[in-house]
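Down below is the structure, laid out as structure tokens.
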Ligand code: MLT
């Protein structure tokens, strides 16, 4: 009976009438949440289950990641996270989970460019004017982010380093709430993903100064923005990759079902249209394979660790 039960348990995913929760480790309304909601929609059919998004924000995304690391390994709780998975090991010296050991890697989702934006009342209409304004306001410029380990934190760090200019950082539980304050003029600048900024830029509710990719973007609202390399920041390049994870110990058959469903979802024309409309590039390469996803994250940890250490920033 025991063997039969184990066998049944491993193959018994999804459990009938049990939801699959995609945990987003940031507040609702931000770019990670945006990707998760579009993905939940596209996963419903291939998974044959109700898929919901659960926001578990805080500590730069580590609270939500830990929640999944410690969840039942039954496939019904998965994590959607981004490049923060590769910066947190260097930032958090007491991280409550081991990134490479405590998760099953389910495959990657997309790559999202970032934009440097400012409040609409900033007296600067291009990067040169922004630089002038910043130099005239040394010690008074602030930058919003989603906490240490967030993509907006990493980009902000690289931006300050490249500008050789210190800013006060204002952390939020996500760049959704941060955007609210930027729109209200409470903060000056933010480096955030196009999945959250392209609509506001198009509606001219924020000022846009540059993009963080090596090449200019093609989406109409963003195509005229210079890259940070064009405005003098050598080798500045960061795009925010997103991947899906399950707790370590999730049965291989369940990991396969989740990965198969992810591959179907990423080919869903609706999902692709939504994501590409926001400047995101849906993954189609080998990073869709769990083993390649895991290798990619290990390489990213090795890449970003020294950048974080050089900045001398620690979260704890
Ligand atoms: C980040 O900066 O990591 C994300 O924008 C956080 C979020 O999705 O709110």
Q.
Could you work out how much longer the chain between residue 135 and residue 256 gets when fully extended? Use 0.36 nm per residue separation minus the Cα distance between them, nm to one decimal.
A. 38.3 nm
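Based on the Cβ-Cβ distance from residue 299 to residue 17, what FRET efficiency comes out when R0 is 30 Å, to the nearest 0.05? Working shown, then result.
Numbers: r = 40 Å, r/R0 = 1.33.
FRET efficiency, residue 299 to residue 17: 0.15.
Given the Cα atoms of region 274-316, and with Rh set as the inverse mean 1/r over their pairs in the Kirkwood sense, what is Rg to Rh to two decimals? Don't skip to the answer; put the middle values down first.
On the way: Rg = 14.7 Å, Rh = 12.8 Å.
Ratio of gyration radius to Kirkwood radius for region 274-316: 1.15.
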Q | Histogram of C-alpha separations across region 111-223, 10 Å bin width, % | A | 15, 53, 31, 1
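How much length is gained if the chain between residue 44 and residue 93 is pulled fully straight, taking 0.36 nm per residue apart and subtracting their Cα-Cα distance, in nm to one decimal?
13.9 nm
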Q. Under a GNM of the chain (C-alpha, springs under 10 Å), which listed residue has the highest mean-square fluctuation: 55, 125, 145?
A. 125
Q. Which whole-number percentage describes the relative contact order of region 186-316, with Cα contacts under 8 Å and a sequence gap of 6 or more?
A. 20 percent
Q. Direction-averaged shadow area of the convex hull around the Cα atoms of region 72-145, nm²?
A. 8.4 nm²
**Q.** Relative counts (whole %) of C-alpha pair distances in region 149-306, using bins that are 10 Å wide
**A.** 9, 31, 36, 19, 5, 0
Q.
Report the Cα centroid-to-centroid distance between region 231-260 and region 93-155 in angstrom, as an integer.
A. 19 Å
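Let me check against my output: what whole-number percent is the relative contact order of region 63-140, with C-alpha pairs under 8 Å and at least 6 apart?
Values: 22 pairs, mean separation 14.6, N = 78.
Rounded, it is 19 percent for region 63-140.
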Q | Inter-part distance where region 178-223 and region 280-306 are each reduced to a Cα centre, Å | A | 25 Å
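Quick check: residue separation of residue 235 and residue 310 times 0.36 nm, minus the Cα distance between them. What number comes out in nm? Walk me through the numbers on the way to the answer.
On the way: separation 75, 0.36 × 75 = 27.00 nm, distance 1.64 nm.
Contour length minus the Cα-Cα distance gives 25.4 nm.
So in the chain, what percent of DSSP beta bridges are antiparallel if you round to the nearest 5?
On the way: 25 of 40 bridges.
Antiparallel: roughly 60 percent of the beta bridges in the chain.
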Q: Could you quote the convex hull projected area for region 62-106, Cα atoms only and averaged over all directions, in nm²?
A: 3.0 nm²
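I need the calculated FRET efficiency for the pair residue 166 and residue 273, taking r as the beta carbon distance and R₀ as 51 Å, to the nearest 0.05.
Numbers: r = 41 Å, r/R0 = 0.80.
Using R0 = 51 Å, I get an efficiency of 0.80.
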Q) At q = 0.22 Å⁻¹, what is the log10 ratio I(q)/I(0) for region 230-304, with the Debye formula run over Cα points and no solvent? A) -1.14
Q.
Quick check on region 166-246: what does the Kirkwood estimate of hydrodynamic radius come out to from the alpha carbon pairs, in Å?
A. 14.0 Å
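For region 1-116, what is the convex hull volume of the alpha-carbon atoms per residue, in Å³?
On the way: hull volume 14.3 nm³, N = 116.
Looking at region 1-116, the number lands at 123 Å³ per residue.
So for the chain, Kirkwood radius off the Cα pairs, Stokes-Einstein at 37 °C and 0.692 mPa s: how many µm² s⁻¹? Please report the intermediate quantities before stating the final value.
On the way: Rh = 19.9 Å.
The estimated diffusion coefficient comes to 165 µm²/s.
List the relative contact order of the chain as a percent without decimals, with contacts defined as Cα pairs under 8 Å and 6+ residues apart. Please report the intermediate quantities before stating the final value.
Working: 671 pairs, mean separation 88.2, N = 316.
Relative contact order for the chain comes out at 28 percent.
Each value in this text was obtained by applying a stated rule to the coordinates, not by laboratory testing. These figures come from a predicted structure and were not determined experimentally. Counting neighbours? That spans all protein chains shown, and the Cβs are built from the backbone with ideal geometry, glycine included.
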